[in-house]
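First comes the structure, then the notes that go with it.
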Amino acid sequence: MDKIKNLNLRPDWDEFFMTMAEVACTRSTCRRQVGAVIVKNHEVLTIGYNGAPQGLKHCSELGGCMRQRDGIPSGTRQEYCRAAHAEQNAIVQAAKQGVSIMGGTIYVTTFPCSICARMIINSELKRIVYSGDYLDENSKAMLEESGIAIDHFSPEKRLIKLEKCK
């Protein structure tokens, strides 16, 4: 009987995979930690988090975030960031492994920037679930035009309690 009661506390798929994205973001070396998980048919295909490209020094090893140092406002000049974004890393990992993400869903802890939006559109992902907002109107416009389903994950309904990414 206790097992049946516990099923009522079982998280839905969006919460389950968003929690994975939040755990992934803890690997990030950036001041704005972001995690992403790409899923298809309720199976995890790949996971990513933001940080310096493979083999390169992290910003923390180079004296801090260049964007912050140079006063670049959030949501602008993403190309100035040294890090590969969580969404980019998840998509690249799938390509390296020869895994098709077409038709899948990406769970990400922050709304995608315009660079990541273009990669998501061209990867033919069909849905984005995000938790944190990001000020990038170009990204929002492109994603809306693309027809990709976009769902905001509301933390108020959570069953699983984890410390949120920064």
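Nearest 500 deg cm²/dmol is fine: what mean residue ellipticity at 222 nm does the chain get from its DSSP H runs of n ≥ 4 alone, each adding -39,500 (n - 2.57), divided by its residue count?
-9000 deg cm²/dmol, from helical runs alone.
Got a number for carbon plus sulfur as a percent of region 50-161's accessible area, 1.4 Å probe?
Reported share for carbon and sulfur atoms: 52 percent.
Scan (1) 44, 33, 30; (2) 58, 32, 31; (3) 45, 43, 33 for the value of Cα extents along the principal axes in Å calculated from this model and give just the label.
Of the labelled values, this structure produces (2).
Tabulate in residue order the Karplus-calculated ³J(HN,Hα) for region 112-125, using 6.51 cos²θ - 1.76 cosθ + 1.60 with θ = phi - 60°, rounded to whole Hz; enter x for Gly and Pro.
After applying 6.51 cos²θ - 1.76 cosθ + 1.60, I find x, 6, 5, 5, 5, 4, 4, 5, 5, 4, 5, 7, 6, 5 Hz.
Anything over 25 Å Cα to Cα? Flag those among Lys57/Lys140; Lys96/Lys126; Lys57/Lys126, in the order listed.
Lys57/Lys140; Lys57/Lys126, as the Cα separations exceed 25 Å there.
Which residue, Lys126, Lys40, Lys57, has the most motion in a Gaussian network model of the chain that connects Cα atoms within less than 10 Å?
Lys57
When the expected Rg is taken as 2.2 N^0.38 Å, what fraction or multiple of it is the alpha-carbon Rg of region 14-79?
Ratio of Rg to 2.2 N^0.38 Å for region 14-79: 1.31.
How large is ³J(HN,Hα) for each residue in region 31-44, as worked out from phi by the Karplus curve 6.51 cos²θ - 1.76 cosθ + 1.60 (θ = phi - 60°), to whole Hz, x for Gly and Pro?
So the J values, rounded to whole Hz, are 5, 9, 7, 9, x, 9, 9, 9, 10, 9, 6, 6, 10, 6.
Might you tell me the accessible area per residue for region 4-64, computed with a 1.4 Å probe and given in Å²?
On a per-residue basis, region 4-64 sits at 60 Å².
To the nearest 10 degrees, how steep is helix 13-25 against the longest Cα principal axis of the chain, on a 0 to 90 scale?
Approximately 40 degrees, to the nearest ten.
The values are calculated or read from the model by the stated rules, or taken from the named source; none is laboratory data. Because the structure is predicted, anything quoted here is derived from the model rather than measured. All accessible areas refer to the heavy atoms of the entire protein, side chains included, with ligands and DNA or RNA removed. Shrake-Rupley method; radii C 1.70, N 1.55, O 1.52, S 1.80 Å.
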